[in-house]
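The values are calculated or read from the model by the stated rules, or taken from the named source; none is laboratory data. Predicted model, so just to flag it, every value in this text is computed and none were measured. Glycine also receives a Cβ, built like all others from the backbone with ideal geometry; neighbour counts cover every protein chain displayed.
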Amino acid sequence: MNEHHEGTGQVLTLGASSNAVEMHEPPTDDELDLLLLEIKALCMPRRGMDDDIDVILNAFNRRLKEYPRGDVVHVLRRWPDQSRYWPTWSELREKLETRIEARRPVRYDPPPEREPLSDEELAERKRQADRLRETVRGIGKGGAA
């Protein structure tokens, strides 16, 4: 998505980036302003929002810069499709954290090493399995264990 930034003659490109490293850097002020103003245009304001939009934008910009650009752009561009109201910070933080958590690798801790079973323990397990098999067969034939 290309947007012309008023007064600067610059064109901002939002969306997929060919540079993966760039997507993990924080978004710029211009990107955030553009995305947040788009949400303001498309969503209903919350009570008190018109008091000082600059203070509101600055507060959101400061916090959103703590997250990777790709995640911020993704969440903000989709916000008007998910809600008809301006987002609260907790709503945005939840969506951002969910995206980041989904990328974290799952940690696998293998079970601790166990000593091999002794011949006596193996024989006991076999007897237990045989008893269980007989019980199941008896139930299957309508009998009781």
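For the reader, a short list of remarks on this structure follows.
- ARG104 vs. criteria out of contact with any helix residue (DSSP H, G or I) (no Cβ under 6 Å at 6 or more places or on another chain), at pLDDT 95 or above, among the charged types (D, E, K, R) and closer than 18 Å to GLU25 by Cα: no
- Pair list, Cβ under 6 Å, 6 or more apart: the stretch 36-48 residue in the same structural domain as ALA59 (by TED's automatic domain parsing), other residue part of a strand (DSSP E or B) and at pLDDT 90 or above: CYS43/TYR85; MET44/TYR85
- Looking across the stretch 81-126, the residues that are assigned to a helix (DSSP H, G or I) and surrounded by fewer than 10 Cβ atoms within 10 Å (Cβ to Cβ) come down to ASP81, SER90, GLU101, ALA102, ARG103, ASP119, GLU120.
- Test: residue in the stretch 23-39 that is within 21 Å of ASN58 (Cα to Cα), modelled with pLDDT under 60 and either among the basic types (Lys, Arg) or buried (at least 17 other Cβ atoms within 10 Å of the Cβ) (or both): no
- Scope the stretch 82-99; condition over 21 Å from ARG69 (Cβ atoms) and of a type in the set (Val, Ile, Thr); matching residues: THR88
- Residue list for the stretch 38-60, restricted to those being not acidic (Asp, Glu) and not in a helix (DSSP H, G or I): CYS43, MET44, PRO45, ARG46, ARG47, GLY48, MET49
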